[in-house]
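Report on one structure; see the data block that follows.
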Amino acid sequence: EMCGRDWSSDVCSSDLGARWSITGSVTAGGLTFEQTAIYELVEREGDRFTVTVEVEQVAEPQSVGPAGIAVELTDYSASGNGNLVMDIGYPVPISGLFDLISTTQLSPSHLDQVIVSRAEVRMELNQK
């Protein structure tokens with residue numbers, strides 16, 4: 001809720017600077033991790049508003065990989081930030097830019113080694 005009203009209602013201009021967070025367990029690509037997203041309302045114009053977002057992800061060690069191949073995830077963390085432009089009339093952001101950097105450490109059971117990877121991802125959303 002914003003301003004004590006249903007989400008489909010207008011966002012109050014007095015809420016500029018409001019911050020809130022959402023924490024939960026997410027499963028994506030066979031990996032389960034805890035994610036915390038912190039949002040801040042930074043702009044509002046009519047039915048459109050902009051929020052900044054900061055995301056942190058962390059995973060406990062777990063088995064991952066396709067069936068029949070034992071791979072142990074020994075470490076995973078990611079952090080990112082960006083902004084999203086929302087419109088009250090749409091259920092998803094209409095535009096935005098988000099950068100995420102992740103580090104993953106895997107240990108395949110059939111190999112005596114550890115594989116470490118680092119990924120940098122930039123996501124851009126645009127309304128068609």
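The values are calculated or read from the model by the stated rules, or taken from the named source; none is laboratory data. Quick caveat, the model's predicted, so the values are computed rather than measured. Positions of Cβ are backbone-derived with ideal geometry, glycine not excepted, and every protein chain shown enters the neighbour counts.
In this structure, is E1 out of contact with any Phe, Trp or Tyr (no Cβ under 6 Å at 6 or more places or on another chain) and modelled with pLDDT of 95 or more? Taking the combined requirement at face value, the residue does not satisfy it.
Number of residues in the stretch 44-64 that are in contact (Cβ under 8 Å) with a residue 12 or more places away in the chain and farther than 20 Å from G80 by Cα: the value is 7. G46 passes every criterion in (1) among the small types (G, A, S); (2) modelled with pLDDT under 95; (3) within 14 Å of the chain's Cα centre (by Cα) apart from (3).
Test E56 against the criterion of being acidic (D, E), closer than 19 Å to G96 by Cα and under 10 Å from the mean Cα position of the chain (by Cα), and give yes or no. Against the criterion (acidic (D, E), closer than 19 Å to G96 by Cα and under 10 Å from the mean Cα position of the chain (by Cα)), E56 qualifies.
Listed by first and then second residue, the pairs linking a residue in the stretch 101-128 that is under 20 Å from V51 (Cα atoms) to a residue that is in a loop (DSSP other than H, G, I, E, B), with Cβ atoms under 6 Å apart and 6 or more places separating them unless they lie on different chains, are L125/P93; Q127/I94.
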